[in-house]
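The values are calculated or read from the model by the stated rules, or taken from the named source; none is laboratory data. Remember, it's a predicted structure, so these values are computed and weren't measured experimentally. Please note: Cβ atoms are built from the backbone with ideal geometry, for glycine as well, and neighbour counts cover all protein chains shown.
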Amino acid sequence: MSAVDLITDHLDIWTTAQAEKVTGRGKRTNNHSIYGIKKLRELILELAVRGKLVPQDPTDEPASVLLHKISEQRARLAKSGKTNKQKSFLNVSDNEKQFGLPSGWAWFRVGNVLNFQYGKAMAAKHRDPSGNVDVYGSNGIVGKHSETLIKAPCIVIGRKGSAGALNKACGPSWITDVAYFLVPPDGFNFDYTYLILKSLRLDRLGKGIKPGVNRNEAYALVASLPPLSEQHRIVAKVDELMTLCDQLEQQQTNSNATHQTLVETLLATLTRPNTGADGTESNAIELFFQHFDTLFTTEQSIDQLKQTILQLAVMGRLVPRDPDDEPASFLLENLSLELEQWLMENVGDNKECATMLRKLNKLDSPAPPFDIPKSWATAHLLQISRVMVDCHNKTAPYVDKGIPIIRTSNIRQRRFKMDGMKYVDQVTYDYWSRRCPPEPGDLIFTREAPMGEAAIIPKEAKYCLGQRTMLIRPMHDYVSKKYLLLALTEPHLLERASEHAIGSTVKHLRVGDVENLSVPIPPLAEQHRIAAKVDELMALCNTLKVLFIKSQTTQLQLADTIVEQALP
């Protein structure tokens, strides 16, 4: 298969193989890099320097003749004193020849042909922003100057800082002392020389114990050279193919942006105030899943769908109403009576009961956070909790083994993360939990770093509250703990809570802000139906995400395989 066929016959692979971008701290972003096109660019470069991109012409002067002329010229210049005598490096051995070369090509040692010259430092007083000469550092233009270090076009090579970075200085320029510059010798096309240097991956030389490109290490590298006429043809073909890559990448970027806008727009329609508040359009989310193959084709779009599911759940738009359900207003009346009676009965033995009664008496009637169905009601979080207590605001003395202490880093996406767990002994647990020992079925809520995470303590678990967390024990006979977990982690609640968050650096919620959070309350039977539907849809989302990741992994592997097979 020809190089062009190799590229054009696999356009679907090059354009669909995308990898999620990751920040320097290892966090995923919402952007994607066109991995396939990145591999395509690498393939084009390798095909170029291996003689597989354009056909050879037997009438071209062989590269060996060019190299011989360069060697003689270097010797003459050194003998005449016009240049310093340059160190000679060993000829290329057979085991250093990484691949077979076409007829007319030749191997060369970089140090025997190319000359990396040091740039010169420039004092601050010599800088002239109004000058017309570009000043190059290790990674591009860093200023202007009126003086010229070199008039000929040259290739700038980062020596320190962005070691191995390449730039073309096409006009008069000043190269600083953190870079080398290279003027290609006769017989070397300027742009093809740039391709050679790119293929050598000089940046890898700059990542040792002492970061920076060592000139002798670069000189020891081996490269291949085609006849001069073929160099021109290769450069023209590379320019043509790289332009194609640019077009493909822009098309894919535009397509991704359009798709993202489509997903956001369609999901937004589900949560608009006039859409399905009476439950008549609660099956809208099902329609989205029927068209998943065209709508939700990225991890980001699936995650957005998950957030929308949570919003629909607490807005009353995920499951249909049942007219036989007892309205939530009756439920809250009975809850309030039972809670007050229980607190009064235990106020003498438990100081928390007296605190709860005092706080409840000060509460105003909560306003609905958004339009909710008629059979629903609204309550402050404190009003539907048997007990709410804050953590002991001090770092616990940890032990190697013992009772797990739940810190804010141990709760993510409504689950406990057991990796990186810290432990306390029984004495510390008893003291830290003296206000209210956590029980299975209780919720732990984070007030900071980050705020708004929550999880349910599982059966038979014994946990200790860590700093910046709160314990919430719901009135289980009236409020489903699973539904309450959804209500405490849906995006709208965190947005509302953020309005009250304090802190100039790390935002956090005060205990009172958490207690006063307004929670939409459906009839109890509907709470259970909502929780079950969310579990079902989240499981489907997770399955679809796994399938998507597998598909993307396959695409990435295909891109890698094509390159590997093309470059044995």
Out of (1) farther than 27 Å from Asn334 by Cβ; (2) outside any helix (DSSP H, G or I), the one Pro520 does not meet is (1)
Result of the Cβ filter at 7 Å on the range 69-89, keeping first residues that are more than 22 Å from Leu228 (Cα to Cα) and partners that are at pLDDT 85 or above and assigned to a helix (DSSP H, G or I), at least 6 apart or interchain, is Lys87/Gly111; Ser88/Asn112; Phe89/Gly111; Phe89/Asn112; Phe89/Tyr219
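Go through the range 389-446 and report how many residues are among the aliphatic types (A, V, I, L, M), under 25 Å from Ala531 (Cβ atoms) and in contact with a Phe, Trp or Tyr (Cβ under 9 Å, 6 or more places away or on another chain). Explain how you work it out, then say what you get.
Step one: list which residues in the range 389-446 are among the aliphatic types (A, V, I, L, M), which gives 389, 396, 399, 403, 405-406, 411, 418, 421, 424, 427, 443-444.
Then drop every residue that is not under 25 Å from Ala531 (Cβ atoms), which leaves 389, 406, 411, 418, 443-444.
Now drop any that are not in contact with a Phe, Trp or Tyr (Cβ under 9 Å, 6 or more places away or on another chain), which leaves 406, 411, 444.
Final tally of qualifying residues: 3.
Considering only the range 426-436, state which residues are part of a loop (DSSP other than H, G, I, E, B) and of a type in the set (D, E, K, R).
Of the range 426-436, the ones part of a loop (DSSP other than H, G, I, E, B) are 433-436.
Hits for the range 426-436 are Arg434, Arg435.
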Counting only residues that are of a type in the set (Gly, Ala, Ser) and more than 43 Å from the chain's Cα centre (by Cα), the range 357-378 contains a total of 0
>> Please determine whether any residue of the range 266-278 is modelled with pLDDT under 80, of a type in the set (A, V, I, L, M, F, W, C) and touching a Gly at 6+ places or on another chain (Cβ under 8 Å).
In response: yes
Expected output for the range 95-113 (first residue more than 11 Å from Ala223 (Cβ to Cβ) and modelled with pLDDT of 90 or more, partner in a loop (DSSP other than H, G, I, E, B) and among the acidic types (Asp, Glu), Cβ below 9 Å, 6+ apart or cross-chain) is Gly104/Asp57; Gly104/Asp60; Gly104/Glu61
Checked against (1) at pLDDT 90 or above; (2) of a type in the set (D, E, K, R); (3) farther than 26 Å from Ile44 by Cα; (4) part of a strand (DSSP E or B), Lys144 satisfies every condition except (1)
Margin query: Any residue that is in the same structural domain as Lys394 (by TED's automatic domain parsing), touching a residue at least 24 places away in the same chain (Cβ under 8 Å), hydrophobic (A, V, I, L, M, F, W, C) and under 29 Å from Val424 (Cα atoms) - is there at least one of those in the range 510-521?
Written below: yes
Of those in the range 525-568 that are closer than 16 Å to Val314 by Cβ and buried (at least 18 other Cβ atoms within 10 Å of the Cβ), the residue farthest from the chain's Cα centre (by Cα) is Glu526
Conditions (1) under 22 Å from Ala396 (Cβ atoms); (2) at pLDDT 95 or above; (3) not in a strand (DSSP E or B) -> Gln467 fails only (2)
Restricting the range 309-357 to residues that are basic (Lys, Arg) and more than 14 Å from Val387 (Cβ to Cβ), the one surrounded by the most Cβ atoms within 10 Å (Cβ to Cβ) turns out to be Arg317
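Yes or no: Ser224 assigned to a strand (DSSP E or B) and either in the same structural domain as Ser138 (by TED's automatic domain parsing) or small (Gly, Ala, Ser) (or both)? Explain how you work it out, then say what you get.
Details: assigned to a strand (DSSP E or B): yes; either in the same structural domain as Ser138 (by TED's automatic domain parsing) or small (Gly, Ala, Ser) (or both): yes.
Yes; evaluated as a whole, the condition is true for this residue.
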For Ile384, indicate whether it is surrounded by 14 or more Cβ atoms within 10 Å (Cβ to Cβ), in contact with a strand residue (DSSP E or B) (Cβ under 8 Å, 6 or more places away or on another chain), closer than 29 Å to Pro491 by Cα and in contact (Cβ under 8 Å) with a residue 40 or more places away in the chain. yes
Residue hits (the range 513-552; in contact with a Leu (Cβ under 7 Å, 6 or more places away or on another chain) and of a type in the set (D, E, K, R)) are Glu515, Lys533
* Look at Asn91 and say whether it is in contact with a Lys or Arg (Cβ under 9 Å, 6 or more places away or on another chain) and either in the same structural domain as Lys144 (by TED's automatic domain parsing) or modelled with pLDDT of 90 or more (or both). => yes
The range 317-425: strands (runs of 3 or more DSSP E) wholly inside it with 3 or more residues that are among the aliphatic types (A, V, I, L, M) and in the same structural domain as Met470 (by TED's automatic domain parsing) are 385-390, 403-406
Residue hits (the range 471-509; part of a loop (DSSP other than H, G, I, E, B), out of contact with any helix residue (DSSP H, G or I) (no Cβ under 8 Å at 6 or more places or on another chain) and at pLDDT 90 or above) are His476
